[in-house]
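*Asks:* Supplied in structure tokens, the structure appears directly below.
Nothing in this text is a laboratory measurement; each read-out follows from the coordinates by a stated rule. These numbers were taken from a predicted model, which means no experiment stands behind them. Here the Cβ positions follow ideal geometry from the backbone for every residue, glycine too, while neighbour counts run over all protein chains shown.
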Amino acid sequence: MTRFITSSFSHLILIIGILIMVVPVWMIFASSTHTSSMINMNGLQMFLGDSFYENYLRVLLYQGGFFKEITALKMFFNSFIMASGVAILSVVTSLMAAYALVYYRIKHATLLFWVIFITILVPLELRIFPTYSVMAELNLVNSYFGLIVPISASAIATLFFRQFYKTVPDELLESAKLDGANTWRFFVDFLIPLSKTMIVAMLIFMFVFGYNQYLWPLLVTTSEQYWTVVMGLKMMSGSIVHRFAFVMMSMVPPILIIIVLQKHFIKGVFQDK
Amino acid sequence: MSFLDLKNVTKIYPNGTKAVHETSLSIDEGEFMVFVGPSGCGKSTLLRMVAGLEDITEGDINLDGKLMNEVDPSERDVAMVFQNYALYPHMNVYNNLAYGLKNRGIDKETIEQKVNDAAKLLQISDYLQRKPSMLSGGQRQRVAMGRAIVRNPKIFLFDEPLSNLDAKLRIQMRLEIKKLQQKVGVTSIFVTHDQVEAMTLADRLAVINNGIIEQLGTPIEIYDNPKSLFVAGFIGSPQMNFLDGNLKNKTLSAEGFEIKDINTDFDGEVTLGIRPEHLSQSENGLINLKIDLVEQLGSDNLVYGQLKNKKDFCYRCPGNQTIEKGSNLSLNIENNKFYIFDKSTGKRVN
């Protein structure tokens, strides 16, 4: 009996927690399916209305922005390019950086690693002017390249891969060497497959990180053609239901990525071997 | 020049530790050589230098007439079985065996043929599609051997491959390794700290201590004729009994008894070594043993006791004899099988 009470109590707490997280999102979604006048008169809604298609289609295809050059659809495209670019580029660079740090006889490799790691303490905001001026000198303002590259060196991912490589037994490398594998083959045939789950986890982290960028895209793009979703959230004008609809849609890509890759993601974060 | 030639090979680690001292050794083609010694004696380092996994500080290693010092491990054509097997965890057994062949650019059909042959030889054909994590210790061991065999290398190197197995499996795998080596006929070096493994496997044995080969010879030579105190104590189980003594005018006096007419010119402090199995009971024996403990192994009894001066002593007798704890035994040395070592240098003097 006491067990029943304690377990019901803990369930109750969990359910309250879930409600606190879910209800606001649900209210935005429910409200986004009504008409503007309905919301303006009656406030936020808990139940679905019948303007779903109308609202969402309009938001996706509406020519927004100051110069009316951009649609939400294009923003999603831009954000997707930027987020995937950041994810792929940062995973590739940190995989290779970690490989060099762990397996090559670099002098002061540990010191070098900590120098890389310290960059975590320097947020983008702090280096934003020099970074911008470099991009401007290179004529990379208003380009996908300019959006992606400056935020694609990840010390965190380098840390993860480095720590993982350090747990790979030396015998594996020696055995591979005797089997005729050179440094490149060892990287491709051993380390990459062995760190597959971690690669997936890092891809998700970095995708969400890239997707959520606000300040950098705001600075480096002057053309509306390169607006991203997160910028759009701020810039979008229009009625309240259209904004709600846009907010709802902006949540979809990160959630999709996590759903698709979650099997690997959980394995990667809680690596049990 | 023999098949594998080590000439004055020395290994000094960057921190100044000298792991191997000017070691010279020749191994013939098809020979099974065992390096045996206590842990940290440099036997693994020596093996790893042959493999190319450690740089050679000084000296030369020649394999099949070619100087190997600067040759990359991948091009030495040697195969190694590691202590923890070092199987590739993300590849199935087939790919574990095939990987080395693929890297050598061998075509698919030949690889398949070779892998299947090796798998049949080692009786792992049923597991080819499994990952190493789904195999038992003995099966992993076989896969590790298969990976070595399939490449058909010039030399097999074994780095304590049996130490992770349980006792029964170890004996079984030991036999299989020996049989396999005789069948395949590949020159092999086997490193172990287990003297039973060393004795049973070796064509020739190198007893290594502190980075020096103390003695090199067939197992029986080394057992019958140890050249130093270290070798005498290391080879043989249970260990040889050692007694302090004094040698003067070919007469040895030790622990209350004397042995005359010893064939030596040495005078001074010595250590007398007697193997537990080279003793027999007799009425008025040289050695009086007060028995503390008897281990009955079935085929043998191991009798542990103390001499008059409280020195521990061991005697091995056939298992059919009943020996009472607490009683006294009078023992004689059979056929003058005893060994005398200079106490200061540890060198054999008789």
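*Asks:* Kindly provide the helix-only [θ] at 222 nm of the protein assembly as shown, computed as the sum of -39,500 (n - 2.57) over DSSP H runs of four or more divided by all residues, to the nearest 500 deg cm²/dmol? Numbers along the way, then the final one.
*Replies:* Details: 22 runs with 274 residues, N = 623.
That calculation yields -14000 deg cm²/dmol at 222 nm.
*Asks:* A follow-up question, please. Could you tell me how far the Cα centroid of the range A:219-266 sits from the Cα centroid of the range B:54-124, in Å?
*Replies:* Centre-to-centre (Cα) distance: 52 Å.
*Asks:* Based on C-alpha coordinates, I'd like the Rg and Dmax of the range B:206-291, in Å.
*Replies:* Rg then Dmax for the range B:206-291, in Å: 14.6, 46.
*Asks:* What is the ratio of the Cα radius of gyration of the range B:239-342 to 2.2 N^0.38 Å, where N is its residue count, to two decimals? Mind dumping the intermediate values first?
*Replies:* Details: Rg = 14.0 Å, N = 104, 2.2 N^0.38 = 12.8 Å.
Expressed relative to 2.2 N^0.38 Å, the Cα Rg reads 1.09.
*Asks:* Which entries in the list B:K18/B:K178; B:K250/B:K290; B:K248/B:K343; B:K66/B:K120; B:K311/B:K337; B:K43/B:K347 go over 24 Å, if you measure between the two C-alpha atoms of each?
*Replies:* Among B:K18/B:K178; B:K250/B:K290; B:K248/B:K343; B:K66/B:K120; B:K311/B:K337; B:K43/B:K347, the Cα-Cα distance tops 24 Å for B:K18/B:K178; B:K250/B:K290; B:K66/B:K120.
*Asks:* Provide, for the range A:78-237, the number of lysine pairs with alpha carbons under 28 Å apart, each pair being eight or more places apart or on different chains. It would help to have the intermediate numbers written out before the result.
*Replies:* Values: A:K107/A:K166; A:K107/A:K177; A:K166/A:K177; A:K166/A:K196; A:K177/A:K196.
Count of close lysine pairs: 5.
*Asks:* Could you tell me which of A:M38, A:I120, A:F9 has its Cα farthest along the dipole of the protein assembly as shown towards the positive end, charges placed at Cβ (Lys, Arg +1; Asp, Glu -1), taken about the Cα centre?
*Replies:* A:M38
*Asks:* Further question on the same structure: Once every Cα of the range A:1-67 carries one equal point scatterer and solvent is ignored, give the base-10 log of I(q)/I(0) from the Debye formula at q = 0.12, 0.21, 0.24 Å⁻¹, two decimals.
*Replies:* Taking Cα atoms of the range A:1-67 as identical point scatterers yields -0.52, -0.89, -0.99.
*Asks:* Under a Cβ-only charge scheme (Lys and Arg +1, Asp and Glu -1), can you give me the dipole magnitude of the protein assembly as shown about the Cα centre, in debye to the nearest 20? Each step should come with its number before you reach the end.
*Replies:* Details: 58 positive and 57 negative charges, 363 e Å.
Once rounded to the nearest 20, the dipole reads 1740 debye.
*Asks:* Using Cα atoms only, what is the angle between the long axis of helix A:155-167 and the major principal axis of chain A, expressed in degrees (0 to 90) to the nearest 10?
*Replies:* Relative to chain A, helix A:155-167 is tipped by roughly 40 degrees.
*Asks:* Still on this structure, I have one more. Plugging the Kirkwood radius over Cα pairs into Stokes-Einstein for the range B:76-176, at a temperature of 37 °C and a viscosity of 0.692 mPa s, what D comes out in µm²/s? Write down the numbers at each step before the final one.
*Replies:* On the way: Rh = 13.6 Å.
Stokes-Einstein gives a translational diffusion coefficient of 241 µm²/s.
*Asks:* Further question: Just tell me how shielded B:68-78 is by partners: mean number of partner chain Cβ atoms within 10 Å of each residue's Cβ, no decimals.
*Replies:* On the way: counts 0, 0, 0, 0, 3, 7, 8, 1, 2, 2, 1.
The shielding value for this peptide is 2.
*Asks:* Based on the Cα coordinates of chain A, what is the per residue volume of their convex hull in Å³?
*Replies:* Details: hull volume 54.5 nm³, N = 273.
Looking at chain A, the number lands at 200 Å³ per residue.
*Asks:* For a Förster distance of 22 Å, can you work out the FRET efficiency between the beta-carbons of A:A30 and A:L215, rounded to the nearest 0.05? Mind dumping the intermediate values first?
*Replies:* Values: r = 32 Å, r/R0 = 1.44.
E between A:A30 and A:L215, to the nearest 0.05, is 0.10.
*Asks:* Please report the relative contact order for chain B, taking Cα pairs under 8 Å with a sequence separation of at least 6, and give it as a percent rounded to a whole number.
*Replies:* Numbers: 708 pairs, mean separation 52.8, N = 350.
It comes to 15 percent, rounded to a whole number.
*Asks:* Can you work out the PRE-style zone for B:D244? Point 7 Å along Cα to Cβ, and I want the residues of the range B:293-313 with backbone N under 13 Å.
*Replies:* Counting only backbone N, you get B:309-312.
*Asks:* Then there's this: Across 5 Å bins from 0, what is the distribution of all Cα-Cα pair distances for the range A:26-117, in whole percents?
*Replies:* Whole-percent P(r) values from 0 Å outward: 3, 11, 12, 10, 10, 10, 8, 6, 7, 7, 7, 5, 3, 1.
*Asks:* A further question follows. Would you mind giving the three semi-axes, in whole Å and largest first, of the ellipsoid equivalent to the range B:4-232 according to its Cα gyration tensor?
*Replies:* On the way: eigenvalues 176, 85, 48 Å².
Gyration-tensor ellipsoid for the range B:4-232: 30, 21, 16 Å.
*Asks:* Which of the peptides B:75-84, A:189-198 is most tightly packed, and how do the rest follow, going by the mean number of other Cβ atoms within 10 Å of each residue?
*Replies:* Taking the mean over residues of other Cβ atoms within 10 Å, the ranking is B:75-84, A:189-198.
*Asks:* In whole Å, what are the extents of the range B:156-235 along the principal axes defined by its C-alpha atoms, from largest to smallest?
*Replies:* Largest first, the range B:156-235 extends 32, 27, 23 Å along its Cα principal axes.
*Asks:* Shifting gears a bit: Return the FRET efficiency for the residue pair A:D170, A:I88: r is the Cβ-Cβ distance, R0 is 25 Å, and the value is rounded to the nearest 0.05. Mind dumping the intermediate values first?
*Replies:* On the way: r = 30 Å, r/R0 = 1.20.
Here the calculated transfer efficiency is 0.25.
*Asks:* Hey, got the dipole for chain A? About the Cα centre, +1 on K and R Cβ, -1 on D and E Cβ, debye to the nearest 20? Mind showing how you got there, number by number?
*Replies:* On the way: 17 positive and 12 negative charges, 64 e Å.
Approximately 300 debye in magnitude.
*Asks:* Would you mind getting the Kirkwood hydrodynamic radius of the range B:6-53 from its Cα pairs, rounded to one decimal in Å?
*Replies:* That comes to 11.6 Å for the range B:6-53.
*Asks:* Restricting things to alpha carbons, find the Rg to Rh ratio for the range A:86-162 using the Kirkwood radius for Rh.
*Replies:* Values: Rg = 13.8 Å, Rh = 13.5 Å.
Rounded to two decimals, Rg/Rh equals 1.02.
*Asks:* For the protein assembly as shown, compute the orientation-averaged projected area of the C-alpha convex hull (one quarter of its surface), in nm².
*Replies:* 45.8 nm²
*Asks:* Determine ³J(HN,Hα), in whole Hz, for all residues of the range A:123-133 in sequence, where each value follows from phi through the Karplus function 6.51 cos²θ - 1.76 cosθ + 1.60 and θ = phi - 60°; x replaces Gly and Pro.
*Replies:* The phi angles translate into x, 3, 4, 6, 10, 6, 5, x, 4, 5, 5 Hz.
*Asks:* Still on this model: What does the structure give for A:167-177 when I average, per residue, the other chain Cβ atoms found within 10 Å of the residue Cβ? Walk me through the numbers on the way to the answer.
*Replies:* Numbers: counts 0, 1, 4, 3, 9, 6, 2, 9, 16, 7, 8.
Average per residue, whole number: 6.
*Asks:* If you don't mind, another one. Indicate the helices, whole DSSP H runs only, in chain B that combine a mean Kyte-Doolittle hydropathy of 0.5 or more with a Cα extent along their long axis of 30 angstrom or more.
*Replies:* Numbers: long enough: none.
None clear 30 Å together with a mean of 0.5.
*Asks:* A:V134 to B:E269: FRET efficiency via 1/(1 + (r/R0)^6), r the Cβ-Cβ distance, R0 60 Å, to the nearest 0.05? Each step should come with its number before you reach the end.
*Replies:* Values: r = 81 Å, r/R0 = 1.34.
With R0 = 60 Å, the Cβ-Cβ based efficiency is 0.15.
*Asks:* May I pose another question? For the range A:118-204, would you read off the P(r) tail past 18 Å as a percentage of all alpha carbon pairs? Provide the component values of the computation, followed by the final result.
*Replies:* Working: 2239 of 3741 pairs.
Result: 60 percent of Cα pairs exceed 18 Å.
*Asks:* Now for a separate question. Would you please name the trypsin sites (Lys or Arg not before Pro) within the range B:309-339 that are DSSP coil residues with at most 15 other C-beta atoms within 10 Å of their C-beta?
*Replies:* B:K310, B:K311, B:K325, B:K337
*Asks:* Could I ask something else about it? Going 7 Å from the Cα of A:L48 in the Cα-to-Cβ direction, what parts of the range A:20-34 have a backbone nitrogen less than 11 Å from that spot?
*Replies:* A:30, A:33
*Asks:* For the range A:157-273, report the translational diffusion coefficient in µm²/s to the nearest whole number, using Stokes-Einstein at 10 °C, 1.306 mPa s, and a Kirkwood Rh over Cα pairs.
*Replies:* Numbers: Rh = 17.4 Å.
Estimated via Stokes-Einstein, D reaches 91 µm²/s.
*Asks:* The range A:78-237: Rg/Rh from Cα coordinates, Kirkwood Rh? Don't skip to the end; give the middle numbers.
*Replies:* On the way: Rg = 18.2 Å, Rh = 17.2 Å.
Taking Rg over the Kirkwood Rh, I get 1.05.
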